[in-house]
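Trainee: Here it is, the structure in full.
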């Protein structure tokens, strides 16, 4: 039973107030056909909408079978309409883009019925109204009467207890009207049917009860239901009448079907929305191409200019800072009127020598090897490269059978030093190599048995075993003949980009006659001009050459006195060593590729890390190293102690050292002392005084002034005589001047023997892939220095930072401009999509009313339009990406033409395309939020009247 108790409703427009219902009360039976009559404006439709929950009453209450609706909220009215009410409208209010089966299913969908149940019940409902054969037709394929039958089937499918019909025959002809009225009369047998009509004849013929309204009041009731006073109200209480909910899948289906019926409109809408996506995608594509090019340039630059850390290093920041201070100190002093000394050359020299620092690479390597180190996250694809100064000599026979050395051609000859200087004038171009040369000149420290300058290690990959040759090398060098080394005894001949190699290297490798080289060096030393033979050489000749490598430790041979002697300068001894040497085969000839961006290999010979590791292992097991390790106090080369604690020990060391010298060296020392004495006499008393302080009591030795003219045997005998009578002070002076430099240290000996500790590399090179990562590596080293002990602090040179810092600024500016363009495109896209969605809301206002009439909530309505905007966004995204890919075909041709290079290619990354599609959906959803909220707030009764 439906009880309408004292319902009032009014509308206010400005100051005008219209009372539509005025204290209306009526009780309706569970099964009857009630017709509400009255003139236009009497309140018939308003009463019907209030009964159906489409409109709200201002006062009173509606009691449905003892349930009061006075405290109902929106979700309660939604559930009430879905489970209790079925609507039949004059204009049918079918959703045109749905089939009639889907239209009928909709009420069940909102109530949460399963798919199978929905289809079965909707099909039965259509069969009951005589449309079982038309279930797959759309509303525009039916007649007016058929569409009204669909509306009745939709109203009945959820088995409501109340059916409300608003002018159900108003748009039908007489014959069809009769059919519909008969159908409604049949429906009213087991439920309440309330019909509003302007046709009193049909109402009186078919309705079982007539209620007339006039000016918002009931003026007559043909069959009133009178209850005892307060009977219904005492039982009425608040409770919900079920639950209504529309799934997201249903929302998507409704929106998709709507869009599908308007394919042209949908395409244009999606295209309009894709314009912004196309703009973003094109910018992203160009940006990706430029960034890829920049990244390649950065990687190549970083490969050529790694952060290099050596055992001894210049602090260039200190040097440059001193130079700037010197320049600043000179500014503003042009008005001076006296003579002022300029100390800049002295201070600069002092700064240069004081800027030389020793690095503890052992501690720093431990830091780098720790995977948790801050620095490791910024290391590039090349990784961290550790270099070890393996010491060895290379020998070979020239075409005439002469034994030659790769470190000066002639073994033990004078030309070797000239050749070495020439080679040093042609460094690899590696800044760290140039720094090593400068370091040696400044400190005066030269290393014994260094490997030939024409030999260099080929950069290995991060994993030496898996990748013995770095991809940086294979990408930038091509093999013109042969192949890359695969074992320790294989090397390659490295040419420059012009297929050239230093002429001296060809002589050192025995590919050209040593006699020609010696003649050329003699002419150079005599100031004569030479014209070297630069005839071309076949690859085969080089590939047939075998080189003999003698490790540094093997060049020390134990003598009869138990001391080791260096035999590297003795051609006879070298010939014997070469027989048991490591025989290196030249297996390939390589040169830089035409587009090589990094050429870390200098022209010469390249060998693998496998050979370096072999030399390290061999040095550790050599006899000279083992003997020196057994006695760390005395030098195995001369038997002298590495340290002398007092003058007595120094005097004894001097005697032992001179006594151990062979005749030629002893004679040379004797003549050197005599020459120094003669120079003192020529310089006068002041000079003699100075020398006397170095060799006190040397007056006893002056009587032998003719020593400079003596032979070696006599000069050596004179030296023995002098040493026998020399005082302790004289012996100490000889120790300081002649012996100490020869004693050396345990570390110096081990270095000369080629012993290498893998934990102590000679050079560490850290490679980054970008300037930003390079800067982060520099910051990480600074952080390391802040925590490290003073002795462990690292001084390094960042060549790339000195040269390329300005490039980073340019890159950042370009990135900023691109981001600005992208931001504008995003804003435009959002606004456009919002407008398009708003238009869709206006077009589908009636559909909103239909859904609300069947119990859809405000959230469900928002969900429908969110689904539509999401679909449009998805289509816009795919369309934008597809059009972009098509535009890139001619676009890249234009870019290559304008830039004159094909190294910059615009490309839309897959990840970027996916992100853009998702971004398009998000933007459409954001743009559609306001319109979808507006749609949800639509008044259902007003929306149903919209055409």
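Quick note: the coordinates plus some simple rules give every number you see, no bench work behind them. Every value quoted in this text rests on a predicted model; they were computed, and no experiment measured them. Cβ: placed from backbone, ideal geometry, glycine included. Neighbour counts: every protein chain shown.
Trainee: Ranked highest first by average number of other Cβ atoms within 10 Å, how do 46-54, 476-484, 529-537 line up? Let's see the in-between values first.
Mentor: Working: 46-54: 23.9, 476-484: 16.8, 529-537: 8.8.
My ranking of the peptides, most packed first, is 46-54, 476-484, 529-537.
Trainee: With label points built 7 Å along Cα→Cβ from the Cα atoms of residue 789 and residue 627, find their separation and express it in nm.
Mentor: Between residue 789 and residue 627, the simple spin-label model gives 3.5 nm.
Trainee: May I ask you to derive the FRET efficiency for residue 656 and residue 898 from their Cβ-Cβ distance with R0 = 56 Å, giving the value to the nearest 0.05? If you can, show how the numbers build up before the last one.
Mentor: Working: r = 80 Å, r/R0 = 1.43.
Result of the calculation: an efficiency of 0.10.
Trainee: Something else: Could you tell me the distance between the Cα centroids of the range 167-190 and the range 626-640, to the nearest Å?
Mentor: For the range 167-190 versus the range 626-640, the Cα centre distance is 123 Å.
Trainee: Find how many whole Å separate the alpha carbon centroid of the range 493-563 from the alpha carbon centroid of the range 898-945.
Mentor: Taking the Cα centre of each part, the range 898-945 and the range 493-563 sit 70 Å apart.
Trainee: Right, something else. Pull out the extension gain between residue 256 and residue 678, defined as 0.36 nm times the separation in residues minus the alpha carbon to alpha carbon distance; nm, one decimal.
Mentor: Computed gain between residue 256 and residue 678 is 140.8 nm.
Trainee: Find the relative contact order for the range 2-243 and round it to a whole percent, using C-alpha pairs within less than 8 Å whose residues are 6+ positions apart.
Mentor: Numbers: 470 pairs, mean separation 77.3, N = 242.
That works out to 32 percent.
Trainee: Please work out the C-alpha center-to-center distance from the range 708-753 to the range 72-130 and express it in whole Å.
Mentor: Cα centroid of the range 708-753 versus Cα centroid of the range 72-130: 116 Å apart.
Trainee: Highest mean first, what order results for 112-119, 274-281, 254-261 on Cβ atoms within 10 Å? Numbers along the way, then the final one.
Mentor: On the way: 112-119: 14.2, 274-281: 24.0, 254-261: 18.5.
Descending mean neighbour count gives 274-281, 254-261, 112-119.
Trainee: Given axes a ≥ b ≥ c from the Cα gyration tensor, I'd like to know whether the range 178-229 is rounded (a/c under 1.5), prolate (a/b larger than b/c) or oblate.
Mentor: Judged from the Cα gyration tensor, the range 178-229 comes out oblate (a/c at least 1.5, b/c at or above a/b).
Trainee: Further question: Label residue 358 and residue 114 with points 7 Å out from Cα along Cα→Cβ: what is the distance between them in nm?
Mentor: Result for the modelled spin labels: 8.5 nm.
Trainee: OK, next. At 7 Å along the Cα-to-beta-carbon direction for both residue 366 and residue 481, put a label point, then send me their distance in nm to one decimal.
Mentor: Here the modelled spin labels are 5.1 nm apart.
Trainee: Subtract the Cα-Cα distance of residue 186 and residue 292 from 0.36 nm times their separation in residues, and report this length gain in nm to one decimal. Write out the running numbers ahead of the final one.
Mentor: Numbers: separation 106, 0.36 × 106 = 38.16 nm, distance 7.62 nm.
The span from residue 186 to residue 292 would gain 30.5 nm if fully extended.
Trainee: Provide the FRET efficiency to the nearest 0.05 for the residue 886-residue 782 pair, computing r from the beta carbons and using R0 = 51 Å.
Mentor: On the way: r = 50 Å, r/R0 = 0.97.
Efficiency at R0 = 51 Å is approximately 0.55.
Trainee: Which of 134, 198 comes first, and how do the rest follow, when ranked by fewest Cβ neighbours within 10 Å?
Mentor: With the sparsest Cβ surroundings first, the list reads 198, 134.
Trainee: Round to the nearest 0.05 the FRET efficiency obtained for residue 127 and residue 248 when R0 = 35 Å and r is the Cβ-Cβ distance. Show your work: numbers first, answer last.
Mentor: Details: r = 30 Å, r/R0 = 0.87.
Step by step, r from the Cβ atoms, then E = 0.70.
Trainee: Would you mind giving the average projected area, over all directions, of the Cα convex hull of the range 498-580 in nm² with one decimal?
Mentor: Its Cα hull, projected and averaged over all orientations, spans 8.2 nm².
Trainee: Also: If we count other beta carbons within 10 Å of each Cβ, what is the order of 776, 745, fewest first? Can you show the working numbers first?
Mentor: On the way: 776 17, 745 11.
Exposure proxy ranking, most exposed first: 745, 776.
Trainee: Next question, about the same structure. Find the relative contact order for the range 470-593 and round it to a whole percent, using C-alpha pairs within less than 8 Å whose residues are 6+ positions apart.
Mentor: Normalised by residue count, the contact order of the range 470-593 is 49 percent.
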